[in-house]
1. Check residue B:349 against each of (1) surrounded by fewer than 21 Cβ atoms within 10 Å (Cβ to Cβ); (2) in contact with a Ser or Thr (Cβ under 9 Å, 6 or more places away or on another chain); (3) touching a residue at least 60 places away in the same chain (Cβ under 8 Å) and name the one condition it does not meet.
2. Condition check: closer than 20 Å to residue B:307 by Cβ, under 17 Å from the mean Cα position of the chain (by Cα) and either within 16 Å of ligand 1 (Cβ to nearest atom) or not acidic (Asp, Glu) (or both). Does residue B:229 satisfy that?
3. So residue B:29 ticks every box in (1) under 23 Å from residue B:341 (Cα atoms); (2) more than 14 Å from chain A (Cβ to nearest Cβ) but one. Which box is left unticked?
4. Would you point out the residue of region A:161-189, among those that are within 9 Å of ligand 1 (Cβ to nearest atom) and within 7 Å of another protein chain (Cβ to nearest Cβ), that is surrounded by the fewest Cβ atoms within 10 Å (Cβ to Cβ)?
5. Look at region B:113-139 and say how many of its residues are touching a Phe, Trp or Tyr at 6+ places or on another chain (Cβ under 8 Å), assigned to a helix (DSSP H, G or I) and within 8 Å of chain A (Cβ to nearest Cβ).
6. Looking only at region A:246-266, count how many residues are more than 16 Å from ligand 1 (Cβ to nearest atom) and away from every other protein chain (no Cβ under 14 Å).
7. Looking at region A:74-96, I want the residues that are on the phi > 0 side of the Ramachandran plot and free of Cβ contacts under 8 Å to residues at least 40 places away in the same chain and have a partner that is of a type in the set (Lys, Arg) and not in a helix (DSSP H, G or I) with Cβ atoms under 9 Å, at least 6 apart or on another chain. Which pairs are those?
8. Only one of (1) more than 21 Å from residue A:124 (Cα to Cα); (2) more than 16 Å from ligand 1 (Cβ to nearest atom) fails for residue A:224. Which number is that?
Amino acid sequence: MTEDPSPPSRDALDSPEESREESLQQSTRRSFLAYAAAAAAGAVLASCTPEEREAYLQKRFRELSKEDVAKVVARLEAEYARKYGKPFKVGVEPAIPRTLFGYALDLSRCIGCRRCVYACVKENNQSRRSPPIQWISVLEMDKRTGVDVMESNLYYDPKEVPREGHFYMPVQCQQCRNPPCTRVCPVGATWQEPDGIVVVDYNWCVGCRCCMSACPYGARHFNWGEPHLPPEEANQETHYLGNRPRMRGVVEKCTFCIQRTRKGLYPACVEICPVGARKFGNLLDPESEVRYIIENKRVFLLKEELNTQPKFFYFYGV
Amino acid sequence: MPFVEFTVNSVRTVLRGNRAYWLWIVFLLALVGIGGFGYAHQVRSGLIATHMRDPVSWGFYIGNFTFLVGVAAAAVVLVIPAYVYHWKPIKEIVVFGELLAVAAIVMCGLFVLVDMGRPDRLWHLIPWIGHWNGPGSILAWDALVLNLYFLLNFVIVTHILFRGFNGREYSKRFATPLILLSIPAAVSIHTVTAFLYNGMAARPYWNSAILAPRFLASAFCSGPAIMLILLQVVRKIMPIEIKDEALWKIAELMAYAMFVNLFLFGAEIFREYYSRTEHLLFFRYAYSGLNGHRTLVPFTWLALFCSVTAFLLFLIPRTRKNWVALNVGAVLIFAGVYIEKGVALVIPGYTPSVLGEIFEYFPSRTEAMVSAGVFGVGFLLYTLMVKVAVAIMTGRLSSRRSEAAGV
Ligand code: SF4
Ligand code: SF4
């Protein structure tokens, strides 16, 4: 125990200045704590490698300058190459002007084979296990009840699809024009791009999962554990806002294969579908296939009453 | 440096105590240790150590958070009747209430932290340094108001206790406006927390306009329940006069709050069961089970039983004025609201999921351990703060004393 040689004199304490002094002292104490915290954080950061420090302090993708983006891309490519033992390309292609991507899915054709699910997992580097992540959920429904999500079966597993008396409804991110998921994010880690794709900055997401509660379509998935991506199966053609390998503790979702579609390719699920149930195109182009479908077929939106305004249209081709 | 002296002496105070005190401290430290162990495991393996998964993406942690926001809010709201009825121990109620609020907010913060997928990125939430995604994000608002509320309460109690330490009354000009401000602030933190759920149209179970009023009503039951027990303890160990009438009045007010709570619940139940829309599924999951999935059913009924029993105990003057019945009632209310907020609010919101999946969630062992740890930290903090506050308010700890003792 140390002796305090100068106990405060009563006079000093009783001075009218006291309460100001007091709050000053409180605030110096608080700022002291803040400094201590900053110093501690600094000490931790100082013990990291320069790359780790840079990664930790990286700003929001949307706020990065051109030079910063280049640095981030280089850092990530090196990191992935090291981790997966092969070169990666992390693209940052911006939205194509005058483009608003839209999707149409023909319920009368879908046979529920789930090939789209697996193609998506492969193309987009989703975690293979513990727990597996799949951006597309195919729901099996009873023809007698019609489209009723609450009565659907996500885990159907018959010997052969389609099953008698049933039809299938794949659900993935509907790329809402009025997305509830982006609004709720406390840190602005997810947003809608000019071409209508809703993306996540995996390096900014804090993993609070507000967006998962807000999404009415179960389209957002969380990396509960370390994502499990076998190096030999990894897709090296990636996009920063899309299929680049993710880390634990962040949210991910379908991006209409941003790494492909911004280069003029079709999404992987469109290409793989054996019955041609999936259509994709530019909603602003009057000649596009999706526009033709919207204008000529019987189209409906899932959970239309929530006013999320999906750019994903279900239709009956026949 | 009077503040340093204050701090040093406070530390000395908490290091002195009888056997019971130390047993309690050791118990709490053990809880903290268990929590630390659990959290270390969670940090190593990720949130996969919990039983939350994509269909049920929030669970026990966020339930506890919600409950504790209610406690933080309601502890302070007792200040209103203290003023209205001119209770003698206003200052004590203010001090113990606001200390409780401080401890509860610390626990809230910890529960949010342990629920985060990337706790290392906490700084992203700080305005200007990170990115504050207001005004759209309710969680961004919640983080803001909770921090302000914490600061407000912290400043008030520090002021009162520091003044008391120097043998002086608190400055009415400085403290009273802040105390009065803390009341609407208390209401706002709980309202904003309710809106966090309320605003999600994807989850019909939460998307009901009376959710925020229900939150407030239930919090006005659980917060005072703690204070009721606490004030009895305080007047045993301190020469502070707290009249029986004041305690009975608190119980009576809790009975009214519980009435409103049950009434609002009834209104909700009527709407769901009479109109029988698809949204009934969530209530059915909670109260009768869905397709044989009944994990939650015993809990929801237990909560209802606790609430109704406590309501009756507090409503009838004879039982209200009986100390045994009163304390049983306080515990029942606390338990009832805890289950209601911790379990029956969050989980049925996700079950069935937005795609109709029934994923039965129940907290994992890690979740239980971590939660115990968070409660350990909160109770420890509260115990230590109350110890100092009691010492100051009884005059055992003061600058004059330390001067006289030559410390
Ligand atoms: S489907 Fe869900 S994740 Fe996709 S944009 Fe809409 S709300 Fe967001
Ligand atoms: S989980 Fe990530 S993207 Fe989703 S709301 Fe939280 S911070 Fe935003």
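1. (1)
2. yes
3. Here residue B:29 clears every test but (1).
4. The selected residue is A:180.
5. Count: 6.
6. Residues in region A:246-266 being more than 16 Å from ligand 1 (Cβ to nearest atom) and away from every other protein chain (no Cβ under 14 Å): 7 in total.
7. Correct list of pairs: empty, since none qualify.
8. So the condition that residue A:224 fails would be (1).
The values are calculated or read from the model by the stated rules, or taken from the named source; none is laboratory data. On a predicted model such as this, the values are computed, not experimentally measured, just so you know. Note: ideal-geometry Cβ built from the backbone for every residue, glycine included; neighbour counts use all protein chains shown.
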